[in-house]
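Here is the structure we will look at.
Where a number appears in this text, it was derived from the coordinates with a stated rule and is not lab data. The structure displayed is predicted, hence computed values, not measured ones. Every residue, glycine as well, gets a Cβ built from its backbone with ideal geometry; the counts of neighbours run over all protein chains shown.
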Amino acid sequence: MTVHDHLLRDKAPIPTTAWAAVDDEARERLTPLLTARRLADWTGTAGWKASSVDLGRSHRLAGPPPGAAAGSARARLRRVQPLVEFRVPFTVSREEIDDLQRGSQDPEFDDLARAAREAAEIENRAIFHGWPDAGITGITEISPYDAVPLGEDPAKYPGAVARAVDQLRRQGIEGPYALAIAPAGYTRIVETTEHGGYPLFEHLSRILGGQVHRAPGLDGALVVSQRGSDFLLDVGQDLAIGYHDHDGQVVHLYFEESFTFRAVEPDAAVVLR
């Protein structure tokens, strides 16, 4: 995990070996869960101090400041999109930390796993369904097309996905395409074979020309173009672990991230309900 001074990691009663185990466990838990960032272009990390993203736009103001001579002056206000930050707390047992120093290879980080799921769902849900209080509009909110019925019968998934892909192609949105689908739907896909034993997963991948992703935090499914530059994930600080405090039994840590999301080309995604 990325280390930043404001996270106060050096104040935690966690030796280097144990910190490495905590970071490795966090990375292992988060990587398969952060589905939405695989569908968006990563614009890089601007750092914890970054507060907003320049939108390259402005709007006209009525005139100069009150009391100033109007004259021929014209004024415009630059538009920016703020980053939102969040923390998800969790605890690590001090006994577990001691055991790691003794050489334990199977640490029990159950609360870390719970926090990782929560943190990943926050990011995913903001990108997929928006976060009004944070000024984020999600992909499902901004897609201009009528939603394609998906249902729960996996035998109908290829037809629904093919209709979504066709809709994008008819609008001039090139592929490859990806399917993001809620965990229950993903399970149906991987457990199902079609006539003759042909895996449904492979059939969908051929239709898309791209990948099928399990997407925690997504309601239903999305078909999204992967040509690039349509959806942007702007990160200040990537997910990192910080220290809060400790007592005789546990160390209180937290996941922290700052980010925002922009849908530059709404036409590049179709919602499947």
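In square nanometres, what is one fourth of the surface area of the convex hull spanned by the alpha carbons of the stretch 176-273?
Averaged projected hull area, Cα only: 9.4 nm².
May I ask you to derive the relative contact order of the stretch 116-227, considering only C-alpha pairs under 8 Å and at least 6 residues apart, and to give it as an integer percent?
Over the stretch 116-227, the number comes to 32 percent.
For a bin width of 10 Å, list the pair-distance distribution of the stretch 5-159 built from all Cα-Cα distances, rounded to whole %.
Reading the bins upward from 0: 8, 23, 26, 19, 14, 7, 3, 0.
Please report the equivalent ellipsoid semi-axes of the chain, computed as sqrt(5 x eigenvalue) of the Cα gyration tensor, largest first, in whole Å.
36, 34, 13
Quick one: among LEU61, LEU200, LEU253, which has the greatest mean-square fluctuation in a GNM of the chain with alpha-carbon springs under 10 angstrom?
Maximum among the listed residues: LEU61.
Highest mean first, how do 132-141, 94-103 rank when packing is the count of other Cβ atoms within 10 Å averaged over residues? It would help to have the intermediate numbers written out before the result.
On the way: 132-141: 16.9, 94-103: 14.6.
Top of the packing list down: 132-141, 94-103.
Treat every Asp and Glu Cβ in the chain as -1 and every Lys and Arg Cβ as +1, leave all other atoms uncharged, and give the resulting dipole magnitude about the Cα centre to the nearest 20 debye.
1640 debye
What FRET efficiency, computed as 1/(1 + (r/R0)^6) with R0 = 25 Å and r the Cβ-Cβ distance, is obtained for ARG78 and ARG38, rounded to the nearest 0.05? Intermediate values should be presented prior to the final figure.
Numbers: r = 31 Å, r/R0 = 1.25.
So the FRET efficiency works out to roughly 0.20.
Considering the Cα positions of the stretch 1-80, please state its Rg to one decimal place and its Dmax as a whole number of Å.
When restricted to Cα atoms, the stretch 1-80 yields Rg and Dmax of 22.6, 67 Å.
So, by mean Cβ neighbours within 10 angstrom, what's the order for 223-234, 27-38 with the highest one leading?
223-234, 27-38
Please build a GNM for the chain, connecting alpha carbons under 10 Å apart, and tell me which residue among LEU55, LEU83, LEU39 fluctuates the most.
Comparing LEU55, LEU83, LEU39 in the GNM, the peak value goes to LEU55.
Kindly provide the helix-only [θ] at 222 nm of the chain, computed as the sum of -39,500 (n - 2.57) over DSSP H runs of four or more divided by all residues, to the nearest 500 deg cm²/dmol?
Helix contribution divided over all residues of the chain: -9000 deg cm²/dmol.
Give the calculated FRET efficiency between ALA162 and SER52 to the nearest 0.05, with a Förster radius of 45 Å applied to their Cβ-Cβ distance.
With a Förster radius of 45 Å, E is 0.65.
Given an 8 Å cut-off on Cα distances and at least 6 residues of separation, report the relative contact order of the chain as a percent.
30 percent
List the relative contact order of the stretch 92-167 as a percent without decimals, with contacts defined as Cα pairs under 8 Å and 6+ residues apart.
Numbers: 37 pairs, mean separation 10.6, N = 76.
It rounds to 14 percent for the stretch 92-167.
Tell me which of GLY44, LEU30, GLN105 sits at the most positive position along the dipole axis of the stretch 27-148, charges placed on C-beta atoms (Lys, Arg +1; Asp, Glu -1).
The listed residue farthest towards the positive side: GLY44.
Where q = 0.15, 0.16, 0.17 Å⁻¹, what log10 of I(q)/I(0) comes from the Debye formula for the stretch 120-222, counting one point per Cα?
Rounded to two decimals, the profile gives -0.64, -0.72, -0.81.
Given R₀ = 30 Å, what would the calculated FRET efficiency be for HIS252 paired with ARG117, taking r from the Cβ atoms and rounding to 0.05?
Taking R0 as 30 Å, the efficiency between HIS252 and ARG117 is 0.95.
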